[in-house]
Amino acid sequence: MSGNKLDNLARCVLDEVRKEFEQMTSHKRKITKEQFQKAQNGNWDGIFMEHEVCGYGVYGEQLHYDPDKDEYYVTFYLGETCD
């Protein structure tokens, strides 16, 4: 595949990814200290609902701690539709 065709393909893929991302919704959810600690080790059980993970899709999940409020939470994006 020539460089020009590859550039066009990459541009098309990037455009589609951007469209998908723009349609996602951002969320913030309080979690327990125990969930926070488990998620730090890769165990996200109990944080997301089954329809979020298997249907909409959970993306960009990040853990946060607010020391002023002593609260733990996760931010994430959900896909646009439940497949």
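Just so it is clear, none of the values below were taken in a lab; they were calculated from the coordinates. Computed from a prediction, not measured in an experiment: that's the story for all the values here. Ideal geometry is used to build each Cβ from the backbone, glycine not excepted, and the neighbour counts take in all protein chains shown.
Counting the residues of the stretch 1-58 that are of a type in the set (Val, Ile, Thr) and over 14 Å from the mean Cα position of the chain (by Cα) gives 3. Restrict the check to the stretch 29-44 and report whether at least one residue is touching a residue at least 12 places away in the same chain (Cβ under 8 Å), closer than 19 Å to THR75 by Cβ, in contact with a Leu (Cβ under 7 Å, 6 or more places away or on another chain) and small (Gly, Ala, Ser). Yes: one or more hits.
Using the structure shown, decide if GLU52 is without any contact (Cβ under 8 Å) to a residue 24 or more places away in the chain and either closer than 19 Å to CYS82 by Cα or in contact with a helix residue (DSSP H, G or I) (Cβ under 9 Å, 6 or more places away or on another chain) (or both). Against the criterion (without any contact (Cβ under 8 Å) to a residue 24 or more places away in the chain and either closer than 19 Å to CYS82 by Cα or in contact with a helix residue (DSSP H, G or I) (Cβ under 9 Å, 6 or more places away or on another chain) (or both)), GLU52 does not qualify. Taking the criterion of being of a type in the set (A, V, I, L, M) and within 13 Å of HIS27 (Cα to Cα), the residues of the stretch 50-83 that qualify are VAL58, LEU63, VAL74, LEU78. The chain holds strands (runs of 3 or more DSSP E) entirely within its bounds, and those carrying 3 or more residues that are surrounded by fewer than 14 Cβ atoms within 10 Å (Cβ to Cβ) map to 25-31, 58-66.
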